[in-house]
Each structure stands twice: as structure tokens, then as C-alpha cells.
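Written below as C-alpha cells is the structure these notes are about.
The values are calculated or read from the model by the stated rules, or taken from the named source; none is laboratory data. Computed from a predicted structure; not experimentally measured. In this analysis, Cβ positions are derived from the backbone assuming ideal geometry, glycine residues included, and neighbour counts consider all displayed protein chains.
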């Protein structure tokens, strides 16, 4: 690479450094300090990391986050794939209507969506909770952390399904029809056509959707914050709410920054298999 | 190119040099938007006019910097670390006031002695105590939100009860008695309050049995029969259906919705909430809601708690005399009345006896009774939010059966003691 290449790339590299690396490094520095509102940061080494790792609340948040994210990512993928196959078979107005209906949740603001679900599932008067109660299911998520986490998962899937759907659907319609038809002529059944022809084509899109959803999912915040505030007894805490409370409720920016960096590490660990797979897939033939 | 860059730099330098004196000359007040609206009377419903008008004619415009409590607190403290603050008057919540924080504020005793606020004794002593440390007064109350008992008169009469309870213990028993299922099969609870993120109202119930969990001098009363009785009453209310099983997730919105729909009969909340509860467009029981001071505790005292916003002068403020003159202007009896007409929670009892306020503010009589006796729910603490979290979590665990009231007392002692400062 010649100097002119670096020169031409330098504006982009400069912007990336200022807007991405800069804040990240500042948060890294904060994570090594004790810092409260109005207090000048004092260097304490890795003390914040030790404190956070020794806090049972942090581990509750890690476990809850990992459970929710894994369920959300795979449920979303299965639903997106199924719905995409259904929509692909439609044509004309029906296809447009279905496509629009599926995209609607993505156009609704997080807060409005969560509040609507909260009212629908209110154990006293919510249509959902009362419907379940009429068939003998007590869905009081306000006193049962497991039910609260299930509700958080349902809302998260509902809200983000359109994102996964769009990626998977786009990949699905780009599968060459002649190959599918050739397989059909050769006697391949629907499952064989999907597994041996269609699926290998859409794998990169599926991996991309998984990667993005893992990254977004680990930042889960609104659903938990507006539904349970992390309670009762901190049992529904996730990493996003744990970080927020430390930073903006307790004013402990050091612990919050340490949590932020640990979230980055967890995200990279979770995403690395997919990143490696995508990298190999992309550059295999280069 | 070189010439263009030089000109650009020169222009920036000139612009900055012209702007700096302007910024330096501004008299800046940092507070919440509601303070600006109350002082300037710019809200649509305001009837008190601009209380700062005369002051501004004499001293020049006020630069209002508004934000949430956290932002105000953060900014004030960051500026405190600088040689000179750009903020002349800060307005912040009482929970921000704690001994280390007071070191950044100007003591106001001398200003009050030299140029006194008229009829200072009219302001609630509990509010003054909340910002007095080691004999020095650091802040002047400006706005309050004080708890009361709100009840649905129609539902009380339906149950054959003519008057709200006279004592706190009676209130708890009544809440249990009033709980039932209505004709549609909906649960109706005797009492409701906010709980999901703030322990203010559960603390109010504890106070209802004789003692605050944390006194204004940071005394922790966890290990007292009064606090234990308060915790037992909360557990009893929860187990007997006196409060909803969903109380742990109760927010302001759900509390209002429950009252408006008749799913709750009584509530611990500010009297100002009557407006929305009695609104015929939103409430199934419009006109039925009334407010009275909280019933008395075993000591014969109404366990009224409050959240108060205070005016302070940073120690490194640029013009402290001018800052005091504005604080004094906003604290005078007539200014308090006019700000009450601008929807401010007045900190002077006399404001609620003014005919203009009585006409405009439906709960004036109740507030006249509650404001003088109000105490801060939690005194100012550096770890105030952590203290709140501990209290909320422990009481929540008790309600769900994870801990007994006795265990919660022990946990309070263990977890709250390190968070409280040594008593002065």
C-alpha cells in the first residue's frame, strides 16, 4: 500500500478514531478510576473490575442476559425463517400486506411498545393476563422473576423480529430459482431442496443476523427497565440495567465503565465464532 | 490556502474573545424546568405572573439552565472543583444535601442575618432542618411535594364508611377491610402507593408506626419496635390483599390508573394528584377523590414525608450578594403565593391561607396542614440512591416471603449502616 492510500483513507480513519476509539478509550480510563458526580477521577487500577466481579448482582445480570439473548436470537431466527418461507410463497397484494404487517413492530418506539405490552399483561386488568387466567394460567410477572424474564423475552422477540426477517427474507429471494427448479426436476423433496440448495445460500445472512442480534441483544435495557426496573430483589437485572444503575443512579462511573468493558468482552466472545466463520466465508476465495 | 486558514483562525479567536465576556456577565440559575415555570409564570395555566420581573428590571436578565436532578447535581459539583463557578444559584433536591456536599456551598446564615427573608419562621422547620448542618443553613426551600392520604369517598361510602381513618393503624385495618372483588371480578385493594423504584411510600408506612427508618441526623432506627411494627404492617397488608399483589411493580401511572378505575380505594400520594383523579375525562370516579393529612401515628403525629427542592449558592459563585437577592425575592411571602398560583408546591404555610390560592388550588387546606409537619423521607446522603435500593430490595423480598420482618431489620442494620455517614 502506498502513502497516497493512507492519505486518502486518513479522514475516515481520523473520524473512526475520534468517534469510536476515543470514547471507548475514555471509558476504559474511567473503568480504572473512582469517579462520582463532581468528583475528579482517581486512579485505582483494576479495583472496579474486582468489585463488579465480586458483586452477586452482576452475575445475576450476566446469567439473565445470556439466557434472554440466546433464547431471543434463536427464536427470532426460527420465526424469521418460517415467516420468510411463507411470505416468499405469496405474491401481489398479499405479499405486500404480510411484509408490511411483519415490519410494524420495528416502527413502534421501544417505550410505546413496552408500555403497551405492560398494560396488556397487567395481572389485574391486562387482556393477556386475564385471558391466560381464564384457562387457569397465573401469569403474575410482577412477583415472579421467571415470568418477568419470559415476558421480557417475548417483547424483545416481537420488537426485533422484523430486523432478522428482513435479512433472512432478502437472502431467501436471492436464491437462484433455476437451481431450486433443477433440484425439483431431479426429484428432491421440499426438505431436501431447502436443506441442500436454499439453506447453504442463506447461511451468510443468517450468520449476519445472529451476529447483529447478539450484539444488540446484549445491550437489552428498555424492556427490563420499563417492566420491572430489575426487580423484584434484583432478580430480573440484565447487564444494561446493571450498568445504567451504577452510572446514573448510584453515580459510580468507575463500576459502570468496568461493566461496559466487560460487556464488550462478552460480546466479542459470543460473536467471535460467527466473525471467524464470516471472515473465512468472505475471504476464502480471495 | 495558508491565508484562508489564518483568516479562519483569526475569526474564531475574535468570536471567542467577544463571546467570553457575554457569558461571564450572565447571571445563571440552574434548576429544573418546573422551577423556571413557577418563577416566571410562563406555563399556560399559570396565574401568578412573572415573580422575577422586578428583580430583572433592577439587575438584568436571568440565564436559566434547566435539566434533571442528576444533571443539576453533576454540573454544580463539577463547577465546584473550578476556581470560579458560572452558576450563581442552583436549585436541587434535598436528597443531594450531605456533609461533604455542603463544603461546596455558601452558608446562608450571615446573608439571612444581614438581609433577612420576611417571616422566615413560616417556612416548614422540617425542611429547614434538612439543609442545616453543624448549625449552619446551606439552602432555602423553594418547592415541595408532600404526602397525604387520598381516598375515594364514593367507594368508602359504598362500604358503609363515612370518614377517612383517624390513626395510621386504623388505616391499615381499613385497607384490609376494603379489599374485595367487584361485580366484574376485578380485585379492589384498600390501599395503593408507588413502589417500583422508590421507597418513599413504604417508608411512610413505617413512619406511620412511630419512627422514621432514618432520621434527619442519620440515626438508623432499624432496631426499634416501631420500625419492626411498620414492616409487619406492610407484610400484613400484602398478605391480606390490603395492597395489590402487584405493588412491587407499582408506578405513578399504574397507581393513577388503579385509582381512576376504582381498583384501589385509598392512596398515599401528594394532594396535587386530585386534579387528574377527579378529571371526568379520565376518571370513573371524578369528583369522588378527597385528600387529608396522613392519619396520626402512635405518637399522635401525622407521619407526613416530603421531597423538597432547595436554592443554594455555590461557594465559588461569581456574585453571591446578587444570588442571595434573587433567593430572597423568590422566598418572600408574596412571591411564594404567586409561585403557588403558577402550580408550585409552596413551602410557606401562609401561602395556602391566601384567598387567591384557596380559590385556585383545590387542596390548599390540606397542604396548609401537611407542609408544616413534613419531614424528609431520607436525609441528604452521598449514597442516597444505594440506600433507596437497599430499602426497596429488602422490603420487596419480605413481601414475597424471602425474609421475615425480623430478618429485614437485621439486613437493614448490616447493609445500611456502612452507607450512612457518622452522626455529627
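Can you tell me which residue is nearest to residue A:82 (Cα to Cα) among those in segment A:150-168 that are over 15 Å from the mean Cα position of the chain (by Cα) and surrounded by 20 or more Cβ atoms within 10 Å (Cβ to Cβ)?
Going through the qualifying residues, I end up with A:168.
Which condition from (1) part of a helix (DSSP H, G or I); (2) more than 14 Å from chain B (Cβ to nearest Cβ); (3) within 27 Å of residue B:78 (Cα to Cα) is the one that residue A:4 breaks?
(3)
Looking only at helices (runs of 4 or more DSSP H) that lie completely in segment B:320-372, which have at least 2 residues being closer than 13 Å to residue B:143 by Cβ?
B:320-331, B:333-341
Would segment A:80-89 turn up any residue that is within 14 Å of chain B (Cβ to nearest Cβ) and either in contact (Cβ under 8 Å) with a residue 24 or more places away in the chain or under 30 Å from residue A:256 (Cα atoms) (or both)?
no
Name the one entry in B:308, B:296, B:347 that is under 27 Å from residue B:241 (Cα atoms) and touching a residue at least 40 places away in the same chain (Cβ under 8 Å).
Result of the check over B:308, B:296, B:347: B:296.
Residues being touching a residue at least 60 places away in the same chain (Cβ under 8 Å) and either surrounded by 14 or more Cβ atoms within 10 Å (Cβ to Cβ) or not in a loop (DSSP other than H, G, I, E, B) (or both): count how many of those fall in segment B:411-424.
Qualifying residue count, segment B:411-424: 6.
So that you can scan it fast, the table gives a plain yes or no per residue for (1) assigned to a helix (DSSP H, G or I); (2) closer than 28 Å to residue B:98 by Cα; (3) in contact with a helix residue (DSSP H, G or I) (Cβ under 7 Å, 6 or more places away or on another chain):
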site	(1), (2), (3)
A:28	yes, no, yes
A:40	no, yes, no
A:52	yes, yes, yes
A:59	yes, no, no
A:62	yes, no, yes
A:70	yes, no, no
A:77	yes, no, yes
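Considering only residues that are free of Cβ contacts under 8 Å to residues at least 12 places away in the same chain and either under 22 Å from the mean Cα position of the chain (by Cα) or surrounded by 17 or more Cβ atoms within 10 Å (Cβ to Cβ) (or both), which ones fall in segment A:130-149?
Once the filter is applied, which keeps residues that are free of Cβ contacts under 8 Å to residues at least 12 places away in the same chain and either under 22 Å from the mean Cα position of the chain (by Cα) or surrounded by 17 or more Cβ atoms within 10 Å (Cβ to Cβ) (or both), segment A:130-149 yields A:130, A:144, A:146, A:147.
Which residue out of B:257, B:249 is within 14 Å of chain A (Cβ to nearest Cβ), out of contact with any strand residue (DSSP E or B) (no Cβ under 9 Å at 6 or more places or on another chain), under 19 Å from residue A:125 (Cα atoms) and buried (at least 20 other Cβ atoms within 10 Å of the Cβ)?
Being within 14 Å of chain A (Cβ to nearest Cβ), out of contact with any strand residue (DSSP E or B) (no Cβ under 9 Å at 6 or more places or on another chain), under 19 Å from residue A:125 (Cα atoms) and buried (at least 20 other Cβ atoms within 10 Å of the Cβ) holds for just one of B:257, B:249, which is B:249.
For every residue, the table says whether it meets (1) more than 18 Å from residue A:81 (Cα to Cα); (2) in contact with a helix residue (DSSP H, G or I) (Cβ under 7 Å, 6 or more places away or on another chain); (3) within 14 Å of chain B (Cβ to nearest Cβ); (4) at pLDDT 90 or above.
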{"residue": "A:190", "(1), (2), (3), (4)": "no, no, no, no"}
{"residue": "A:220", "(1), (2), (3), (4)": "yes, yes, no, yes"}
{"residue": "A:233", "(1), (2), (3), (4)": "yes, yes, yes, no"}
{"residue": "A:236", "(1), (2), (3), (4)": "yes, yes, yes, yes"}
{"residue": "A:251", "(1), (2), (3), (4)": "yes, no, yes, no"}
{"residue": "A:263", "(1), (2), (3), (4)": "yes, yes, no, yes"}
{"residue": "A:271", "(1), (2), (3), (4)": "yes, yes, no, no"}
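Can you say whether residue B:396 is closer than 30 Å to residue B:246 by Cα, assigned to a helix (DSSP H, G or I), touching a residue at least 12 places away in the same chain (Cβ under 8 Å) and touching a helix residue (DSSP H, G or I) at 6+ places or on another chain (Cβ under 9 Å), as far as the supplied structure shows?
It is true that residue B:396 is closer than 30 Å to residue B:246 by Cα, assigned to a helix (DSSP H, G or I), touching a residue at least 12 places away in the same chain (Cβ under 8 Å) and touching a helix residue (DSSP H, G or I) at 6+ places or on another chain (Cβ under 9 Å).
I'm trying to understand the selection: among the residues of segment B:172-202, which are within 21 Å of residue B:272 (Cα to Cα) and in contact with a strand residue (DSSP E or B) (Cβ under 7 Å, 6 or more places away or on another chain)?
Passing the criteria: B:190, B:191, B:192, B:193, B:200, B:201.
Given B:314, B:318, which one is surrounded by 24 or more Cβ atoms within 10 Å (Cβ to Cβ), within 30 Å of residue B:77 (Cα to Cα), touching a residue at least 24 places away in the same chain (Cβ under 8 Å) and over 21 Å from the mean Cα position of the chain (by Cα)?
B:314
Restricting to segment B:93-111, name every residue that is over 22 Å from residue B:198 (Cβ atoms), surrounded by 17 or more Cβ atoms within 10 Å (Cβ to Cβ) and more than 14 Å from chain A (Cβ to nearest Cβ).
Scanning segment B:93-111 gives B:106, B:107, B:108, B:111.
Please go through segment B:51-92 and pick out each residue that is surrounded by 19 or more Cβ atoms within 10 Å (Cβ to Cβ), within 14 Å of chain A (Cβ to nearest Cβ) and outside any helix (DSSP H, G or I).
B:85, B:87, B:90, B:92
Please enumerate the residues belonging to segment B:154-199 that are within 14 Å of chain A (Cβ to nearest Cβ), over 18 Å from residue B:285 (Cβ atoms) and either more than 25 Å from the chain's Cα centre (by Cα) or part of a strand (DSSP E or B) (or both).
Passing the criteria: only B:185.
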